[in-house]
1. Given 10 Å bins starting at zero, what is the percent of C-alpha pairs of segment A:363-532 in each, up to the one with the largest pair distance?
2. Note down the relative contact order for segment A:2-172 as a percent, whole number, built from C-alpha pairs under 8 angstrom at least six residues apart.
3. Shape call for segment A:189-349 from the C-alpha gyration tensor, a ≥ b ≥ c root eigenvalues: rounded (a/c under 1.5), prolate (a/b greater than b/c) or oblate?
4. How long is segment A:429-488 along each principal axis, judged by its Cα atoms, biggest number first, in Å?
5. Among A:378-385, B:90-97, A:427-434, how do they line up from the highest to the lowest mean number of other beta-carbon atoms within 10 Å?
6. Among rounded, prolate and oblate, which fits segment A:478-549 when a ≥ b ≥ c are the square roots of the eigenvalues of its C-alpha gyration tensor, a/c under 1.5 means rounded, and a/b larger than b/c means prolate?
7. Alpha carbons only, please: Rg and Dmax for segment A:2-172, in angstrom.
8. What is the mean number of Cβ atoms from other protein chains located within 10 Å of the Cβ atom of each residue in peptide B:82-92, rounded to a whole number?
């Protein structure tokens, strides 16, 4: 027989689920939870400086490890602050569990101090959410939350727990079991055979891999299938790392900022094998003009994604790694000389251009240089904007979970706290966070957390004194009427970092920038590296929003951009 | 986990976008919010909804009349994904449950 309060039950169950790091901020409504956490010998608490930072630290842990991660916030502003990180986790299918304090039940609905309807507000941005009404319920709700966050398509779960429930004493005989993850399967053998027949019959197939490949640990299965049948492979932003960027079959990222040859090759395909991807508009461009002649095999664990935006000819709902492995024996060994030669021609005629690739003070050069300094074990986080797209285009990703980036929600401010989380989960590894001067200001307070936790994090700020992608769209699509995108106040990030107690320097002031970069990245501990970038360094090619992927602007060989 | 078997839909030929759905759900104070939030967030069109507890209040039954605009199948799939939804049954638009209520909805 066990007897303890609700808060103690929560902490004990989290321990039993193997949680060893929790990021959060205490406040009036979750103080019992923090009191219980203070007694834990296995959970390390990471005190964030803003609840959104705590949410993204949890995401960094979950994205880099593949395991669910937990964050805490208090009621009211604590809860509203963390919602952005939860919405971000929903769009990118990241398993995080957020436990919020709530005012005591007797005060719910009275506009009490720090009361908001956390449950109501979190419905559309979570996979599921709970408002716990008795301490006994905690014994089923927490295991349910872990099950829901990780089974099928992963996603965030929020548990709102009133303060009186945290304090309520509960007696029980047994701890809940930690269930094993069930295997979901709803396709039939004949569907597998039909898909294999289509692949074998296709002349110009393309394998299109999304973030689901990473979540399902299916990059090995995808690579085996691609190599056996000589399938050219493209990846979404979240799918990068599913296959090494230097693999001969890899075409790189598709969509809005893809290399020209990649989008052109996809246009010519007669079969799209879409695995763990959801036809996001940034990947497909105008969906009605996205390879309209191609047959589609769609593999996804979420039945709601099948036929949502593009009708599939073969629909395979289940674990993508299992399905790809089941397909393998039915797919013929092929060389596809004709199709691969055609793709090589497209690549030669419309290559990816990376101007300044040898200059460490230019975006592509900086990214290439850093990639040369670190090895594949390094974790690369980005914020959102031009720097994110340059990294996606040019960084040589070679393994799953190497890139942490906010894809679906595109949240500026994601990078720094996510990188901190990744570093906490992988203390032996170097973590590099590429950010911009716009993004970094959206969660810059987490520099304090990074220094306090002594994470081995290198924060590289590409500073173009503007909201670069906004400026680029105003340049191209709004008659160069630049508005609200050019910062007049030029922040001194090096001084700011030093104020947080963090090493920092300006790469452009170094006489030997390559050596300075190497020294900074190989040294232990957090460091900020500031790199000024011209405002008019643009991201090319670009597909105009809403246009077909054929209509790329810029990045043309033998043309001045 | 709700079933992930695809639902076979056979809308009435004269009303291809209209249907009545019968849901069996967990009964708790947030369940209606979950259903309505799904409809608003995905811009599905519901023009009638009824909800009553069943089985001693452990479960509820929800009847929804929808105008699907070609989205019927997606609506059903998304409903099935909700944790609190145990079953989704599909009926044609002329189902008696809403017809029987017509008198109660007369505007005087």
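No value in this document is a laboratory result; all are computed from the given coordinates. From a predicted model like this one, the values you see are computed outputs, not experimental measurements. Cβ coordinates were reconstructed from backbone atoms using ideal geometry, including for glycine residues, and neighbour counts include every protein chain displayed.
1. 10, 41, 36, 11, 1
2. Normalised by residue count, the contact order of segment A:2-172 is 29 percent.
3. rounded
4. The Cα atoms of segment A:429-488 stretch 46, 21, 13 Å along their principal axes.
5. A:378-385, A:427-434, B:90-97
6. Verdict is prolate for segment A:478-549.
7. Cα only, segment A:2-172: 14.2, 41 Å (Rg, Dmax).
8. 1
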